[in-house]
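Input: a single structure, listed below in structure tokens.
The values are calculated or read from the model by the stated rules, or taken from the named source; none is laboratory data. Everything quoted here is computed from the prediction, not taken from an experiment. All Cβ positions, glycine included, derive from the backbone under ideal geometry; neighbour counts span all protein chains shown.
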Amino acid sequence: MSGEAVAIAHPNVALSKYWGKREGPGNFPAVPSLSVTLAGLQTRTRVRWGAPAHRVVLGGRELEPAESARARALLDYVRTSSGAFGHAEVESRNDFPTSSGLASSASGFAALALAAVRAAGLDWDASRVSDLARSASASAARSVFGGYVELPVGAQSARPLAPASQLPLVVLVCVTTEAPKAVGSTDGMRATMERSPYARAWLEEAPKIHAGLREALLAGDFARVGELAERSALAMHASAIAAGVTYWNGATIAALAAVRALRDAGTPAYATIDAGPHVKVLVRPADAARVRDTMKSVAGVSRVLEAHPGEGARLEGKP
Ligand code: DP6
């Protein structure tokens, strides 16, 4: 078997955050999460079966075995399931900074899962592809789907909750460094669960924030979605910081202050932050250009990328 496929996937930003895993085998989140898939940033991944050994090239650089362990485990699973002959050659490229808290693992593993499955000739549905992506990185399960997506606790896969049109918004990604992050999210959440005095508080609070956010989204209430998204991010980071896991830099704090100042001056803008120092600002489309100009002038913000709700993972050239 020497099938080949090219998949495109977008990162997603969690409005209610996944942080912490359930005990036991598999990669299952301890809390529910809700995200929006982000068109405007993308990963493109080509998989070709029939190689003598798995080979993973990311952004033109061949990954060391330790760096590609999750990708190789995913490929081995597909290989066993399909009876594919040989190993896979993977070539992947992001058009945004990799491994810095811009959810490159989400789009990366969603694109890899879809391309690997289709190249092996399997016609698995999106839920099964999402399950495969989740086993590598739980946030990747959500990038398989477009629009607003939920990953419930205990579920094998993510599921679409509402189309992109449910709540028109723009996500302004304020990039505060091009460097990769020091602590990956898997290690960061493990440290939080083991050492943070606030881990339990986070685990209790997260499902409540999630339920409120879900309701606000389905009601089309932008301000409430924004408030709860910011609350989720701050609660997640507070629990992590108390364990010594700090993803923020000075520009993160300056950007947070700028978002608050915008709000005080009457513009509905809300911040969310993943496992990295970048601040993602949620705004209504009509406010995007003005807020973007404000965020560009924040000290330490090197550039501002613009993203909006978009499609799930798909094969290149196919709807
Ligand atoms: C802060 O999905 O990267 O972005 O399952 O261990 O690979 P693993 O973790 P990952 O964690 C994402 C954490 C987050 C919040 C989120 O996306 O929900």
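The lone criterion from (1) surrounded by fewer than 21 Cβ atoms within 10 Å (Cβ to Cβ); (2) touching a residue at least 40 places away in the same chain (Cβ under 8 Å); (3) closer than 26 Å to GLN156 by Cα left unmet by GLU67 is number (2). Set side by side, the residues GLY101, GLY108 differ, and just one is more than 30 Å from TYR198 (Cα to Cα), within 11 Å of the ligand (Cβ to nearest atom) and either touching a Pro at 6+ places or on another chain (Cβ under 9 Å) or at pLDDT below 95 (or both), which is GLY108. Go through (1) in contact (Cβ under 8 Å) with a residue 40 or more places away in the chain; (2) under 18 Å from the mean Cα position of the chain (by Cα) and name the single condition ALA238 misses. Against the list (1) in contact (Cβ under 8 Å) with a residue 40 or more places away in the chain; (2) under 18 Å from the mean Cα position of the chain (by Cα), ALA238 comes up short only on (2). Filtering the stretch 25-43 to residues that are within 17 Å of ALA136 (Cβ to Cβ) and either outside any strand (DSSP E or B) or within 10 Å of the ligand (Cβ to nearest atom) (or both) leaves PRO25, GLY26, ASN27, PHE28, PRO29, SER33, SER35. Scanning the stretch 7-24 for residues that are surrounded by fewer than 20 Cβ atoms within 10 Å (Cβ to Cβ) and either over 17 Å from the mean Cα position of the chain (by Cα) or closer than 11 Å to SER143 by Cβ (or both) turns up ARG22, GLU23, GLY24. The selection criterion, being in contact with a strand residue (DSSP E or B) (Cβ under 9 Å, 6 or more places away or on another chain) and of a type in the set (Asp, Glu), does not hold for GLU204.
Taking the residues in the stretch 150-172 that are within 16 Å of the ligand (Cβ to nearest atom) and in contact with a helix residue (DSSP H, G or I) (Cβ under 6 Å, 6 or more places away or on another chain) as candidates, determine which candidate is farthest from ALA229 (Cα to Cα). Once the filter is applied, the top-ranked residue is GLN156.
Considering ALA299, ALA240, ALA255, ALA275, the condition of being modelled with pLDDT of 95 or more and not in a helix (DSSP H, G or I) is satisfied by ALA299 alone. Can you find a residue that is surrounded by 24 or more Cβ atoms within 10 Å (Cβ to Cβ), within 13 Å of the ligand (Cβ to nearest atom) and of a type outside the set (Lys, Arg) anywhere in the stretch 85-93? No, the stretch 85-93 contains no residue that is surrounded by 24 or more Cβ atoms within 10 Å (Cβ to Cβ), within 13 Å of the ligand (Cβ to nearest atom) and of a type outside the set (Lys, Arg).
Across the stretch 257-276, the qualifying residues are those that are out of contact with any helix residue (DSSP H, G or I) (no Cβ under 7 Å at 6 or more places or on another chain) and under 14 Å from VAL173 (Cβ atoms), and the one among them that is nearest to the ligand (Cβ to nearest atom) is ASP274. Candidates THR186, THR192, THR177: the one that is of a type outside the set (Asp, Glu) and not in a helix (DSSP H, G or I) is THR177.
For the stretch 25-45, the set of residues classified as buried (at least 24 other Cβ atoms within 10 Å of the Cβ) and small (Gly, Ala, Ser) consists of SER33, SER35, listed by residue number.
Between GLY226, GLY220, GLY147, the distinction of being away from the ligand (no atom under 11 Å from the Cβ), surrounded by fewer than 16 Cβ atoms within 10 Å (Cβ to Cβ), touching a residue at least 40 places away in the same chain (Cβ under 8 Å) and of a type in the set (Gly, Ala, Ser) belongs to GLY220 only.
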